[in-house]
Amino acid sequence: MLKLVKYMKRSAGYMVLIVLLLFLQAYCDLSLPAYTSDIINVGIQQKGIEDGVPEQISGQSFERLLLFLDEQQQEQVKAVYQEAGDAWYLQEISKEDRQELNEVLGPAEVTLVSLTQSEEMTAAIKEQMNLPRDADLFAVIAALPSQMREQMLAGVSGQTEQMPDSIITQMAVSFVQSEYDRLGENMDTMQMQYLLFTGLKMLALAFLGMAAAISVTFLSARVAATIGHDLRAVVYRKVIGFSNAEFNQFSTASLITRSTNDIQQVQLLMVMFFRIVCYAPILGIGGVLKVLGTDVSMSWIIGLAMVLIVLVVFILFKVAMPRFKKLQTLIDRLNLVTREILTGILVIRAFSREKFEEERFEDANSDLMKTNLFVNRCMTFMMPVMMLIMNGATVLIVYNGAHAIDNGSMQVGDMMAFIQYAMQIIMSFLMITMLSIMLPRASVSGKRISEILETRETIHDPERPRTPNVSVKGRVEFDHVSFAYPDAEEEVLSDIHFTAEKGETVAIIGSTGSGKSTLVNLIPRFYDVTKGEIRLDGVDIRKMSQEDVRSRLGYVPQKGVLFSGTIASNIRYGRPDAPAEDVERAAQIAQAEEFIREKPDGYDSPIAQGGTNVSGGQKQRLSIARAIEKNPEILIFDDSFSALDYKTDVAVRKALREATAETTTIIVAQRISTILHADKIIVLDEGHMAGMGTHRELLENCEVYRQIAESQLSKEELAG
């Protein structure tokens, strides 16, 4: 998979934007639990009052608060409050100053609330100080010497330090509420304003997070589609550049699967990678930081959940991973069997082998189905277990949180926020494990794609290709050429040497398997010779670019191949801008005009994929017309007349002689009647040249040719 990373360069800008959007989405998702906590703690329990810093306070309460502060704290408080009439009003201060002020006022407000609301505590203090019951305790405290008051403050401070923070906050807020009531503030309005404002902030964050998530999904799909497009393009270009030697390494079904299904698996992984792999760590780390700021004492629950998840995933993938790796091979096999059956359906019917092929297909199909079922069952088992772990973690958090709330060390909102943060952390971890469902299959697909991209072509262009002299055209020279297929022990062709001059017709004949097609396939560099040289217009074809070599050739394969389109587009295949006159001329030479004219749309008649809507003879004539229309220097016919009847064969050869007098023609033939008038006939026997000459010369001095001729021609034809 890592080898395919370089194909992401074109989408680097989008990927940076995706990461930034993921941080934005994580910020929104991680902020929402804190606002939920605020709504419960502040909005509901504290009636919209956030802390123990009153916005306004009566003069009497302000003076009493100062009694429980040291001189430095008194100066700090007086600096931020301004007196107006019978009340003091808080001035504009920063968030940090407000937090510091809350820490200063909180213990004093707790003490003041305790003294004003607890008559027993007030009576006990008066009795301890030998004061009458109707004495004003606050006036007495104000009249105390500074040293005694500092001792009293130290004792009060020691008591408040032992109290949980949540208790201090609640009592401080209770003091602020009583002050607002005393000053005539509407607490219900204040509470509704806080809830409404906080709710609007939550909605804004939710919409912002949603927009970020949608944008990430859209951009991820775009990046993945671009990567898929680029991979398909590079695989296609690589495969198009393969010689027959490379095609023998990969079956056609496998190449199709690698170009489609395998790339689709990688593309799907890329979408999930940006949506999950990049997002999960951001969300998980952010959740951990938030949890540490909420309550560290319950962090062990999250750790336990993670350990259990890792254990479950490890066990499942220990079992399922081998099957994941096998899936793509089974898909290859199914595609191969399907392609063979569909391609050979007529032969299957002719031999009544439908039942056998059906069983062969069913075997491949069943193997794939069973493997898919096994893998999917493993993954189906994983999700309920994960949900059980998540719900178990929630129960543990609620159980421990309830005890903490009962002890006064935690508020309800904090526990709710902790649950949400814990679920976000576990979900982020779960998202990565769920991705591992796709990762093995995509990894196998990535390796299969890399196999194609890393395959070294055996045929490649030289660094400095040569171009033949324009004064020499149409000459083909075989200079002691030998050829053996890759990894083969024996040579298919040995010491082949002949020259085809411009305008000559050179025929190649021999028994089946003698190497005729292999010989002509060396000219377009479908294979490269292992010994000797093939020169085109005086230049070794290995020193020319493949495009230059093939641009000079017109090639008609043994089996006619047509492409979906029209008759005209197929004939124009070698020269797309050819005028209609040239197309019609090529069709006339190939004896195809008659059946073309009979079609309703003529040259615009559609050709189905593979030419399935025309006969074998018509397909071959169109293939011949396609080669002629290119107007090449050299025409190669690889046993291309075998699909034609004798009458059409004669007519095509006669028209070819008249129309291509300046073109070198190389013909591979099985029928001697096709090559009787060739300027030069080369006889192959088990890869060796058994003879070379004209028809008459070979009858006299080549035993192999004579045997072929006697098997095909009558005595009168041989004598004539």
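The values are calculated or read from the model by the stated rules, or taken from the named source; none is laboratory data. Please read these numbers as outputs of a predicted model, since none were measured by experiment. Cβ placement follows ideal geometry from the backbone for every residue including glycine, while neighbour counts extend to all protein chains displayed.
Here are a few things to note about the model shown:
- Count - residues of region 238-277 that are in contact (Cβ under 8 Å) with a residue 60 or more places away in the chain and under 15 Å from Thr455 (Cα atoms): 15
- Beta carbons closer than 9 Å, at least 6 apart along the sequence or on distinct chains, never pair a first residue in region 336-354 that is outside the structural domain of Ala253 (by TED's automatic domain parsing) with a second that is loosely packed, with under 11 Cβ neighbours inside 10 Å.
- Subset of region 646-675 that is within 53 Å of the chain's Cα centre (by Cα) and part of a loop (DSSP other than H, G, I, E, B) - its residue that is nearest to Val476 (Cα to Cα): Thr663
- Residue match in region 430-452 (condition: farther than 27 Å from Val385 by Cα and of a type in the set (Lys, Arg)): yes
- Some residue of region 359-368 being surrounded by 14 or more Cβ atoms within 10 Å (Cβ to Cβ), touching a residue at least 40 places away in the same chain (Cβ under 8 Å) and either on the phi < 0 side of the Ramachandran plot or not aliphatic (A, V, I, L, M) (or both): yes
- Applying the set (1) outside any helix (DSSP H, G or I); (2) closer than 24 Å to Lys238 by Cα to Val470 leaves exactly one unmet item: (2).
- Check on Met190, surrounded by fewer than 13 Cβ atoms within 10 Å (Cβ to Cβ) and either outside the structural domain of Tyr485 (by TED's automatic domain parsing) or in contact with a Phe, Trp or Tyr (Cβ under 8 Å, 6 or more places away or on another chain) (or both): no
- Selection status of Pro600, at pLDDT 90 or above and surrounded by fewer than 22 Cβ atoms within 10 Å (Cβ to Cβ): no
A quick yes/no check of all residues on (1) modelled with pLDDT of 80 or more; (2) farther than 30 Å from Tyr14 by Cα; (3) of a type in the set (Val, Ile, Thr):
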| site | (1), (2), (3) |
| --- | --- |
| Thr260 | yes, no, yes |
| Val266 | yes, no, yes |
| Met272 | yes, no, no |
| Met298 | no, yes, no |
| Ile301 | yes, yes, yes |
| Gln328 | no, yes, no |
| Val337 | yes, yes, yes |
| Gly344 | yes, yes, no |
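- For region 494-511, the criterion of being without any contact (Cβ under 8 Å) to a residue 40 or more places away in the chain, out of contact with any helix residue (DSSP H, G or I) (no Cβ under 7 Å at 6 or more places or on another chain), acidic (Asp, Glu) and surrounded by fewer than 21 Cβ atoms within 10 Å (Cβ to Cβ) is met by none of the residues.
- Condition broken by Arg585, with the remaining ones in (1) modelled with pLDDT of 90 or more; (2) not assigned by TED's automatic domain parsing to the domain that holds Arg621 satisfied: (2)
- Scanning region 530-558 for residues that are among the acidic types (Asp, Glu) and either in a helix (DSSP H, G or I) or farther than 26 Å from Glu491 by Cβ (or both) yields Asp537, Glu547, Asp548.
- Yes/no for Ile57 being assigned to a loop (DSSP other than H, G, I, E, B) and either more than 50 Å from the chain's Cα centre (by Cα) or loosely packed, with under 15 Cβ neighbours inside 10 Å (or both): no
- Region 246-272, residues that are in contact with a Leu (Cβ under 9 Å, 6 or more places away or on another chain), surrounded by fewer than 21 Cβ atoms within 10 Å (Cβ to Cβ) and among the hydrophobic types (A, V, I, L, M, F, W, C): Phe247, Ala253, Met272
- Checking each residue in region 332-357 for being farther than 25 Å from Phe250 by Cα and among the acidic types (Asp, Glu) picks out only Glu354.
- Matching option when the condition is in contact with a Phe, Trp or Tyr (Cβ under 9 Å, 6 or more places away or on another chain) and free of Cβ contacts under 8 Å to residues at least 60 places away in the same chain, among Phe563, Phe595: Phe563
- Some residue of region 685-695 being over 24 Å from Ile634 (Cα atoms), assigned by TED's automatic domain parsing to the domain that holds His480 and either without any contact (Cβ under 8 Å) to a residue 12 or more places away in the chain or hydrophobic (A, V, I, L, M, F, W, C) (or both): yes
- Of all residues in region 687-704 being of a type outside the set (Asp, Glu) and part of a helix (DSSP H, G or I), the one that is nearest to Gly513 (Cα to Cα): Val704
- Residue in region 322-335 that is assigned by TED's automatic domain parsing to the domain that holds Asp262, over 28 Å from Thr612 (Cβ atoms) and free of Cβ contacts under 8 Å to residues at least 12 places away in the same chain present: yes
- Output for region 448-469, where each listed residue is out of contact with any Gly (no Cβ under 7 Å at 6 or more places or on another chain), closer than 17 Å to Glu547 by Cβ and not charged (D, E, K, R): Ile459, His460, Pro462, Pro465, Thr467
- Considering each residue of region 382-392 in turn, at least one proves to be in a helix (DSSP H, G or I), in contact (Cβ under 8 Å) with a residue 60 or more places away in the chain and more than 18 Å from Phe317 (Cβ to Cβ).
- When each of Ile256, Ile276, Ile240 is tested for being within 25 Å of the chain's Cα centre (by Cα), modelled with pLDDT under 85, closer than 19 Å to Tyr27 by Cβ and of a type outside the set (Ser, Thr, Tyr), the lone residue that passes is Ile276.
- The condition of being outside the structural domain of Val583 (by TED's automatic domain parsing), in contact with a helix residue (DSSP H, G or I) (Cβ under 7 Å, 6 or more places away or on another chain) and modelled with pLDDT under 90 holds for only one of Ala669, Ala655, that being Ala655.
- The criterion of being under 30 Å from Phe429 (Cβ atoms), assigned to a helix (DSSP H, G or I) and in contact (Cβ under 8 Å) with a residue 60 or more places away in the chain does not hold for Phe374.
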